[in-house]
Amino acid sequence: MIPGGRGVASRGAGGPDGRLFRRYTALPGPQTRSADAYGSEAAVNDNTPTPSRRLDPQLDPASEPALDPAHDSDEPAFDWMKPAPATRETTAGTDGASVGGEDATARTGGSRNGAATGAAAAPAQPGSRADRKAAEAAAADTAEDSDAGSADATASSGPARGTHFSEPLPTSALQVRPPREDVERRNAEREQAANAKPVLPRILQVLLAVFYPVILLVLAVRAVTSPLFLWVEYHRPGFPGDGYGFNADDRMTYGSYAVDYLSNWSGSRYLGELVNRSGDKLFKDGEVSHMADVKLVILSAFGAGALLALISIAAVIYLRRRTPGGVRRGLFAGSIVTLVIILGLGTLAALGWQQFFTEFHRIFFASGSWTFALEDTLIRLFPGQFWIDAGIVIAALVLLTAIVTLVLTWPTRRRRGLPKAVKKDRKGDTGEAGTEAPTEVGADQPSRM
């Protein structure tokens, strides 16, 4: 460095780390100082102040042109600017290893030769990044073509050592075919699952069929234990009168108390404190106790009937939404069960009413608590004919309702949702016969003419 003078930079030899450096040569000037072997001033150090009017060293273009880093192949700092090699290293057996060794030797020798060899082997660096990408893509295509050519040559000459023929394994689900037995079994299970009906609708249909006759019986009993039936019974012709002085009006008044007691929530005082015209108790203690037992049975039957009715209504709503025809099938089965029960009980009652009446009371009441004398109020208000008529009315109401339900739910083709295929086939056969007959006649007419 020559302060106040001029210097020329020249390329020097490599340093200890292999890097290049530039040497400044002092030019003659007004003031010159001695420089060491590396071109630096011996008398200048870090503490030396910078002199005024100092000029920076400049290169002399006449003695040495400007350096282009693109053509400087010896500089390691510019390796990233070099283009990719024209060929790609491959390892295919022994030949590929030898080729790779030769390429590695060539690259090592090229790096040791210096700037001339590097400049001759490397092409010119593209000016922009797009040009470099295009050059790299072209070099990769060239390498692939060369690899394909070498592979074809190897295949034509014979199988190389170390190469194996590989066939794609049938691991795809489309290529794996299960056995025929498994396929048939799965298809059968799938069809069975598709045709299988849910369990809940079947249970609800069975419950509807079982609850239906019980509900009808409870409703019929409720119709009989009403003031209307009592009035009709007392005023119908042929009903036996009271031999102890009760007329129809007395029977209707006292009987209404007894019937109302069966359906209300009053205690035994409701009947125990009633008196007749003479001021005596109308019902004895035994009669009041039996009426309390009858009330318990009646209210229990009404409560059970109401609960079964609610369950049946819920089942009907569910079946109407989820199972077409489920309500019809349940009511149809329930009507059949009702008919069977009513016909069986009616046959037993017709064969021996007294025995039937006795056994009925033994089921629900304690022995001896339901027998009374002829002069007792209950026998005078409700004689034997009253219970016969009540049984007939109950059986008639249940039987009539069951028959109507059976008719309305009978499984016809329209209700089952089946098409009228038989009628259409018959009409189609008739139409075809009608169309064929004129054709035959028409075909014979030209021959006759």
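Just checking, does segment 370-378 include any residue being at pLDDT 90 or above and among the small types (Gly, Ala, Ser)? Yes, segment 370-378 has at least one match. For segment 267-282, filtered to residues that are surrounded by 11 or more Cβ atoms within 10 Å (Cβ to Cβ) and among the polar types (S, T, N, Q), the residue that is nearest to Asp376 (Cα to Cα) is Asn276.
The listed residues are Glu167, Glu181, and the only one of them that is at pLDDT below 80, of a type in the set (Asp, Glu), farther than 30 Å from Trp387 by Cβ and over 29 Å from the mean Cα position of the chain (by Cα) turns out to be Glu167. Scanning segment 257-280 for residues that are over 20 Å from Leu296 (Cβ atoms) and among the small types (Gly, Ala, Ser) returns Ser278, Gly279.
In segment 269-288 there is no residue matching the filter, namely being within 60 Å of the chain's Cα centre (by Cα) and of a type in the set (A, V, I, L, M, F, W, C).
Every test in (1) within 28 Å of His290 (Cα to Cα); (2) surrounded by 12 or more Cβ atoms within 10 Å (Cβ to Cβ) is passed by Ile363 save one, and that test is (2).
Quick check, is Thr338 touching a helix residue (DSSP H, G or I) at 6+ places or on another chain (Cβ under 9 Å) and at pLDDT below 90?
Spelling it out, it is not the case that Thr338 is touching a helix residue (DSSP H, G or I) at 6+ places or on another chain (Cβ under 9 Å) and at pLDDT below 90.
So is Thr338 β-branched (Val, Ile, Thr) and under 26 Å from Tyr234 (Cα atoms) or not? It is false that Thr338 is β-branched (Val, Ile, Thr) and under 26 Å from Tyr234 (Cα atoms).
Between Leu296, Leu339, the distinction of being at negative phi, out of contact with any Cys (no Cβ under 7 Å at 6 or more places or on another chain) and either surrounded by 19 or more Cβ atoms within 10 Å (Cβ to Cβ) or touching a residue at least 12 places away in the same chain (Cβ under 8 Å) (or both) belongs to Leu339 only.
Residue check: is Phe239 in the same structural domain as Ala292 (by TED's automatic domain parsing), of a type in the set (Phe, Trp, Tyr) and closer than 25 Å to Ser278 by Cα? No; evaluated as a whole, the condition is false for this residue.
Could you identify the single residue in Phe302, Phe283 that is over 22 Å from Thr371 (Cβ atoms) and modelled with pLDDT of 90 or more?
On inspection, the qualifying residue turns out to be Phe302.
Would segment 326-333 turn up any residue that is more than 18 Å from Pro213 (Cβ to Cβ), surrounded by 17 or more Cβ atoms within 10 Å (Cβ to Cβ), among the charged types (D, E, K, R) and in contact (Cβ under 8 Å) with a residue 24 or more places away in the chain? The answer is no; no qualifying residue exists.
Can you pull out the helices (runs of 4 or more DSSP H) entirely within segment 205-303 that have at least 2 residues that are among the aromatic types (Phe, Trp, Tyr)?
Ranges flagged: 227-235, 248-263.
The values are calculated or read from the model by the stated rules, or taken from the named source; none is laboratory data. None of the values given here were measured: they were computed from a predicted structure. No Cβ is skipped: glycine too gets one built from the backbone with ideal geometry, and neighbour counts run over all protein chains shown.
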